[in-house]
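The numbers here are math on the coordinates, done by the rules we state, and not lab data. Bear in mind the structure is a predicted one, so any value in this text is a computation, not a measurement. Here the Cβ positions follow ideal geometry from the backbone for every residue, glycine too, while neighbour counts run over all protein chains shown.
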Amino acid sequence: MSNTENTNQFNKMKIGLIDADLIGQKQHNFPNLALMKISGYFKNNGYETELIHYDEINPNCLFQKYFDKVFISKVFTNTKIPENILKLDFVEFGGTGFFYDKSPNLPDEIEHHFPDYNLYNNWIKEKIRKGKKEDYFKYYTDFSIGFTTRGCFRQCEFCVNRNEKKVYPHSPLSEFIDKNRKKICLLDDNILGCGKYWEQIFKELQATKKPFQYKQGMDIRILSEKKAKILAESKYEGDYIFAFDNIKDKNLIEKKLQLFKKYMPTTVPKLYVFCAFDRNNIWNDQFWYNDLIDIFERLKLLMQYKSLPYLMRFEKWDKNNFKFIYTLLSSWCNCPAIFKKMSFRQHCGNNKYIIRFEKQYPEIALKYFDMKFGEIY
Ligand code: SF4
């Protein structure tokens, strides 16, 4: 049956939805909010919607089904898509994975529509039947998901928000909170930077009595006494996540970690440690050498304040002779159980690349390889 023949005219119109990251990324386990909103909108307007795979619209595939329209969304730029699919006339595609900072917004009536939290149900059932643990799907089943604010004022050159100039309120909680879901996941880019609204938003979140989290990280550089107090009083879900993107902020971040610990002395915050991005766009050997030192310096400060790192590598991280170190740093930093117990040297064991690196750069190894979480003062 051809997709161009409308043999479906007496039935409900059918919309196919493809979550490209779900298909193309190995470790991906987060629902696509845009697709859930599209699904919610079309269902509300009398259409049938279904989460599908490329095969189901591929003209060369036996399993091809009929759809009036198909939407493909992706968040990650490195997610691969079969080229021929995007050329089909009933297919529309969007998301930061396709257009990065130039990604068009969804029309308002869809962007502000209640998400269809049932979109992934069949896919989840099938995965569980094949042996995946239910807990793996917690973001699909337990969380209401949305943006209380959007935008940022920092304009970091590597960020998808680099064209934004401010933080502004986006969705009221009623727009996306499902009363049957136990928890709330917020995807805001810089909630603490939302001028006079951040406090009101936190108060409304607290009033739901549900645990909530700001999953994309918060801007610790603008943490204040009032903000730290409200965070401490909140029913926060999971780690308090912040960002430590630039070594230049070291002194400021140190003060803010002290402030955080004043209100939450036993809580271990997590900070994204962005690396492998040359702000001068030169990418020579000296940059990579300095970048490693920048990373270790940030890790040192985090260890000192009993805070965890999460290493975020810019896409060029493997375009240099140190790529093995970035891999080892990532496996060390991004596993809290290892990072809390072992120094970098212990984590690497007798790795031949590390032994060679130490001979070449003894000053780095001497200064940083034996640092341990909680043992730096
Ligand atoms: S502070 Fe964060 S969200 Fe804002 S522009 Fe920089 S990286 Fe993006």
Requested in this report: With runs of 4+ DSSP H residues as the only contributors, calculate the mean residue ellipticity of the chain at 222 nm using -39,500 (n - 2.57) per run, divided by the residue total and rounded to the nearest 500.
Outcome: -9500 deg cm²/dmol
Report task. Post the alpha-carbon centroid distance, the stretch 270-320 to the stretch 323-359, in whole angstrom. Result -> 14 Å
Report task. Just round it to a whole percent: the fraction of Cα-Cα distances in the stretch 77-195 exceeding 23 Å. Result -> 48 percent
Report task. Quick one: which residues, 5 or more positions from His170 or on another chain, have an amide H under 5 Å from its amide H? H modelled 1.01 Å from N in the peptide plane, none for Pro or chain starts. Result -> Thr149, Arg150
Query raised in the report: Residue by residue, what Karplus-based ³J(HN,Hα) values in Hz, rounded to whole numbers, does the stretch 165-176 have, using 6.51, -1.76 and 1.60 with θ = phi - 60° and x for Gly and Pro?
Result: 10, 7, 9, 9, x, 10, 10, x, 4, 4, 6, 9
**Report entry** Order of Leu88, Leu257, Leu106 under a 10 Å beta carbon neighbour criterion, fewest first
**Finding:** Leu88, Leu106, Leu257
Report task. Hand me the chymotrypsin sites (Phe, Trp or Tyr not before Pro) from the stretch 291-358 located in a DSSP loop with no more than 14 other Cβ atoms within 10 Å, in residue order please. Result -> Phe314
Query - Computed magnitude of the charge dipole of the stretch 242-377 (debye, nearest 20; Cβ of K, R +1, Cβ of D, E -1) - result: 420 debye
Report task. Name all residues of the stretch 308-326 having a backbone nitrogen under 16 Å from the label point set 7 Å from the Cα of Arg356 along its Cα→Cβ direction, giving them as ranges. Result -> 319-326
Query raised in the report: What chymotrypsin sites (Phe, Trp or Tyr not before Pro) in the stretch 130-222 are in a loop by DSSP, with at most 14 other Cβ atoms within 10 Å of the Cβ?
Result: Phe158
Query raised in the report: Mind checking the dipole of the stretch 1-131: about its Cα centre, +1 per Lys or Arg Cβ, -1 per Asp or Glu Cβ, Debye to the nearest 20?
Result: 480 debye
Requested in this report: Assuming 0.692 mPa s and 37 °C, estimate D for the stretch 242-377 with Stokes-Einstein, Rh taken as the Kirkwood radius over Cα pairs, in µm²/s.
Outcome: 215 µm²/s
Report summary line: Once the dipole of the stretch 242-377 is set up from charges on Cβ (+1 Lys and Arg, -1 Asp and Glu), the residue from the list Gly349, Leu257, Asn321 lying farthest towards its positive end is Leu257
**Report entry** Cleavage-rule hits (chymotrypsin sites (Phe, Trp or Tyr not before Pro)) in the stretch 61-97: DSSP loop, at most 11 neighbouring Cβ within 10 angstrom
**Finding:** Phe63
Query raised in the report: If you bin every alpha carbon distance in the stretch 315-363 into 10 Å steps from zero, what whole percent lands in each bin?
Result: 25, 51, 24, 0
Query raised in the report: Which far-off residues, 5 or more places away or on another chain, put their amide H under 5 Å from the one on Met218, with H placed in the peptide plane?
Result: Ile241, Phe242, Ala243
Report task. Starting from the Kirkwood radius over alpha-carbon pairs of the stretch 1-131, derive D by Stokes-Einstein at 25 °C in a medium of 0.890 mPa s and give it in µm² s⁻¹. Result -> 160 µm²/s
Query raised in the report: Spin-label point model (7 Å from Cα, Cβ direction): what's the Ser174 to Lys133 distance in nm?
Result: 3.9 nm
Query - Long-range amide H partners of Leu311 with built H, under 5 Å - result: Val273, Asn334
Requested in this report: May I ask for the longest run of the chain untouched by GluC sites (Glu not before Pro) that are loop-located per DSSP and have at most 11 neighbouring C-beta atoms (other than their own) within 10 Å?
Outcome: 158-374
Report summary line: Length gained, His28-Phe99, 0.36 nm per residue minus C-alpha separation, equals 23.6 nm
Query raised in the report: How big is the Kirkwood radius of the chain, worked out from every pair of different alpha carbons and given in Å to one decimal?
Result: 23.0 Å
Report summary line: The local net charge around Gly16, scoring Lys/Arg +1 and Asp/Glu -1 for residues other than Gly16 whose Cβ lies under 12 Å from its Cβ, equals -4
**Report entry** Inter-site label distance for Arg345 and Glu225 at 7 Å from Cα along Cβ, in nm
**Finding:** 4.4 nm
